[in-house]
Structure formats: structure tokens, C-alpha cells
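Data block below; observations after.
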Amino acid sequence: MSASIDAKIKELKVLEDGRKLQITWADGKDSVFNSNWLRFNCQCVKCRCPVTQMKTFEISSIPLDDKMEVKIADCGKILVTWKNENHNGEFDPAFLRKNCYSKQSIEEKRQLIRALPNKKTTIEKMEWSELDNDFGLWRLLRTVNDDGIMMVKNVPTEVGTILKLMKRVGPTQESFYEETWHAVTKEGAINISETGGKLPYHLDIPMYEAPPGILFLECLEFDAGVDGGDTIFADFLQVAEQFRIDHPEHFKTLTTVPATIKRIHLDRDHPVHMIIRTPHIKVNNKGEILSFHWHPCHHGPLCVEEEYVDAYYHAYQEFHKAVENSPYNKKIRFTKGDMVVINNRRMVHCRTAYGGKPGQRHLQGGYVCIDDYKSRLNVLENTVGNKGPVRHVFNGDWFC
């Protein structure tokens, strides 16, 4: 937002006996700031470290509801004096315009960052060679933000290639499957992905309070002799929003009744005993979707009051059907050197059963934290991208 255009002030008014400041901007819009909000966001050097921009004042020492005196300095900054505290603060008008919290301003911001359902029938693609610079990386991360998924073609199939790309985005997010893992048929399998069995639509490892964010999944081998083994992707946002329209009561059930999601496996090198009880769909006070938890293979015995049991299972089954039958699901058959990058908080995937000799279908995967991904995209957006807003990534952020 440009301070010279958008943040030009037409008029200042102190309202309610000094407890509110109204700013009328040059474009005719008004912003009103409470005394408490201004005090806790004071930009002066006493309240904020000039090097780190971190707050330094003592929260409990601030007198609440203090009266203000306000004027504009010759440099253009807004100077505020809180009378009881005798504290002098200052604000750049651009800061106040950017952080205006009027209903209109908040809704405009929400519209800019609200994620949109993916109704494409194909997956956007790019070449591995395009990722040799930050612009290519921005394009990849931007598409994942917009669509939930992108495919990279002709990726080198040496073990470790995927790790190099992941670390360009952020620190890897380890789990009980370690830094990277392999989906390949083998004896002594500890996960369905290590067998040739069918995998239902799921988000990876949803029994974590903060499940893996961005999934990197590369095909190292996929022989022509493999029968089956196709992968299908579905946008949970698209399915859930349509489900809200078609089955409002079922949708309400899935947002209010906590499911049991668990992974208990003690007979392995890294024993696991994890249980979380949470609704499959989390929403904020406006009903906007914040996050999902879904993996039918890990849904344990429901533990809720009796009156919710039947409603839950009816909603659960109906939603499962909606995911399977979405007209926007995207089916692919991996070829050697293909990689998909997926928002694991939003895009579910499944795999058809397959047969063939062990090792003929070999995928390697790993994760990056959703917040590190969002941070990296924000940085790239402002350095090599379009300087646009990053849309909601389903990390639980209420502002969506």
C-alpha cells in the first residue's frame, strides 16, 4: 500500500472524549482506532526495538482506556500522547491504513486471501529445469497456494534430490516416518503404503496436532509391468464447500463432533502411540474452513455422547462418498521422474491397488512445515513474484 496515495490524510478527529481516533483518508474512506489498540501497537522506539521490530514494553504496565491527544508532525507522522501514562507515541499513516480494522477493510482483506476451490480437471505442470532459480521456485509454491497441487516433470531420480528441493523451501518436517520415506512394496511393511493395497482418500499423518504441511512426492520407479497403482487427488476445500450446500446438517456434524484419529504401532523401530480427538473439519466463528483432519485408515472408535453417534456416522459416510464422487478429482499415473508438490492440509490423495514385483513402483516423499512454506512464499512473492497476497493455507489461521 502506497503511503503517498492510499495513506494521504484528509482529516483527523478525536472522538469519545479522547478514547478513539477517526482518520478520514483522501479517498473518502474512514478508519477508527481505539486508544487501547493504538497503545498496544505503538511504533515509537521506546515500545519497539528499531533493529528487530519486536515489542519491548511491559504489557501489564499499560493503563487501559487512556485518553489521547493527537496531532500530525511536520514529517507526516501521527503523534499520539496518552494523558494518564504521559507516553508519546508515533505512527506512520501507511501503517494505520494497512492495519485498519473496519468491517469493510477486514472483508476486503479476507477476499484477497480467501482460498478458492480448485475446479480444474488437470494438474498444472512445470519442468525440473525451471526450478534452477527463485522465480521458478516462486511459480511452484504460488501454484500450490492457488491450486493445492503442482507437478514437476523430469526430476532426477537419485535418492536425495527431493530433499534438496524441500530445503530450498524450509526446514524439513520430520515425523515418525523420519525426514524422507519410501512408498514401495516390501516385506515387513509398517504402513499400507508399503503394500500393494488400495489407499483411500486421505491427508498424511492427521493424528498430529500440526500435521505435515507440504508433501513432496517423487516417482523413482514405475515399471510398465505394474498393474494398477494410479494416484487420484481431490481438493477437500471444493468437496467440503459443496457438501456444506448439499448437506448442511451433515456439514455441521463434521465441524462439531470430534472424531478419533490414532496411530498405535509399538512393534517397530520407532514405536508410536498417538491419539487425537478433533472434528474432521474445523471452522472459525464465521463458519469459514480453517483445517481438515482425515485418514480413514486411522479413524479409531468414536468416543462421544450417545446422541451424537448416529449423526456422526451418517455424516461421515456421506462425506466419504462426496470425496470419491467429486467431478473435479484428478487421476494420474506416475512415470519415472514425476514429482507432485501438494498442500497436505488441503489436498487428499488415494491410490488404487496394484500388483507386480517388489520395487517396480517406488515413490519417495517428505514434508515441509506449512508455516515455513507460507513464509517462503511470502518472501518470494515480494522479491521475484507479483507482490500479491498469499491465500489461506489451512494451517488453522482464523483470518481466512
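Tabulated results
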{"read-out": "Flag if LYS83 is touching a strand residue (DSSP E or B) at 6+ places or on another chain (Cβ under 8 Å) and over 14 Å from LEU215 (Cα atoms)", "value": "yes"}
{"read-out": "Tally of residues being farther than 13 Å from TYR308 by Cβ, touching a helix residue (DSSP H, G or I) at 6+ places or on another chain (Cβ under 8 Å) and charged (D, E, K, R) across segment 245-272", "value": "3"}
{"read-out": "So ASP204, is it crowded, with 18+ Cβ neighbours inside 10 Å and acidic (Asp, Glu)", "value": "yes"}
{"read-out": "Scope segment 44-79; condition more than 31 Å from the chain's Cα centre (by Cα) and of a type in the set (Ser, Thr, Tyr); matching residues", "value": "SER60, SER61"}
{"read-out": "Failed item, numbered, when CYS100 is tested on (1) of a type in the set (A, V, I, L, M, F, W, C); (2) in a loop (DSSP other than H, G, I, E, B); (3) in contact with a strand residue (DSSP E or B) (Cβ under 6 Å, 6 or more places away or on another chain); (4) farther than 15 Å from VAL32 by Cα", "value": "(4)"}
{"read-out": "Residue satisfying all of: in segment 15-61; at pLDDT below 95 and of a type in the set (Val, Ile, Thr); nearest to PHE95 (Cα to Cα) among these", "value": "VAL45"}
{"read-out": "Complete set of residues in segment 1-52 that are basic (Lys, Arg) and either surrounded by 14 or more Cβ atoms within 10 Å (Cβ to Cβ) or part of a loop (DSSP other than H, G, I, E, B) (or both)", "value": "LYS8, ARG19, LYS20, LYS29, ARG39, LYS46, ARG48"}
{"read-out": "Tally, over segment 227-251, of residues that are farther than 27 Å from MET339 by Cβ and not in a helix (DSSP H, G or I)", "value": "1"}
{"read-out": "Failed condition for LEU79, given (1) outside any loop (DSSP other than H, G, I, E, B); (2) more than 30 Å from GLN53 (Cα to Cα); (3) of a type in the set (A, V, I, L, M)", "value": "(2)"}
{"read-out": "Residues of segment 113-144 classified as in contact with a His (Cβ under 9 Å, 6 or more places away or on another chain) and either within 12 Å of ASN343 (Cα to Cα) or in a loop (DSSP other than H, G, I, E, B) (or both), total", "value": "2"}
{"read-out": "Residue in segment 372-400 that is farthest from the chain's Cα centre (by Cα), counting only those that are closer than 27 Å to GLU174 by Cβ and of a type in the set (Val, Ile, Thr)", "value": "VAL379"}
{"read-out": "Filtered residue count, segment 331-377, keeping only those that are assigned to a strand (DSSP E or B) and of a type in the set (Ser, Thr, Tyr)", "value": "2"}
{"read-out": "Selection status of LEU254, of a type outside the set (Phe, Trp, Tyr) and in contact (Cβ under 8 Å) with a residue 40 or more places away in the chain", "value": "yes"}
{"read-out": "Flag if LEU131 is touching a residue at least 24 places away in the same chain (Cβ under 8 Å) and over 30 Å from ILE162 (Cα atoms)", "value": "no"}
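Let's see how each residue does on (1) within 19 Å of CYS219 (Cβ to Cβ); (2) free of Cβ contacts under 8 Å to residues at least 60 places away in the same chain; (3) of a type in the set (Val, Ile, Thr):
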{"site": "LEU112", "(1), (2), (3)": "no, no, no"}
{"site": "PRO117", "(1), (2), (3)": "no, no, no"}
{"site": "GLU127", "(1), (2), (3)": "yes, yes, no"}
{"site": "TRP138", "(1), (2), (3)": "no, no, no"}
{"site": "VAL155", "(1), (2), (3)": "yes, no, yes"}
{"site": "LYS164", "(1), (2), (3)": "yes, yes, no"}
{"site": "HIS182", "(1), (2), (3)": "yes, no, no"}
{"site": "GLY197", "(1), (2), (3)": "yes, no, no"}
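Okay, residues lined up against (1) of a type outside the set (Asp, Glu); (2) over 17 Å from ILE232 (Cα atoms):
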{"site": "GLN104", "(1), (2)": "yes, yes"}
{"site": "SER129", "(1), (2)": "yes, yes"}
{"site": "ASP134", "(1), (2)": "no, yes"}
{"site": "LYS153", "(1), (2)": "yes, yes"}
{"site": "ALA183", "(1), (2)": "yes, no"}
{"site": "HIS202", "(1), (2)": "yes, no"}
{"site": "ILE205", "(1), (2)": "yes, yes"}
{"site": "ALA210", "(1), (2)": "yes, yes"}
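The values are calculated or read from the model by the stated rules, or taken from the named source; none is laboratory data. What you see is a predicted model, and the numbers here were worked out from it, not measured in a lab. Please note: Cβ atoms are built from the backbone with ideal geometry, for glycine as well, and neighbour counts cover all protein chains shown.
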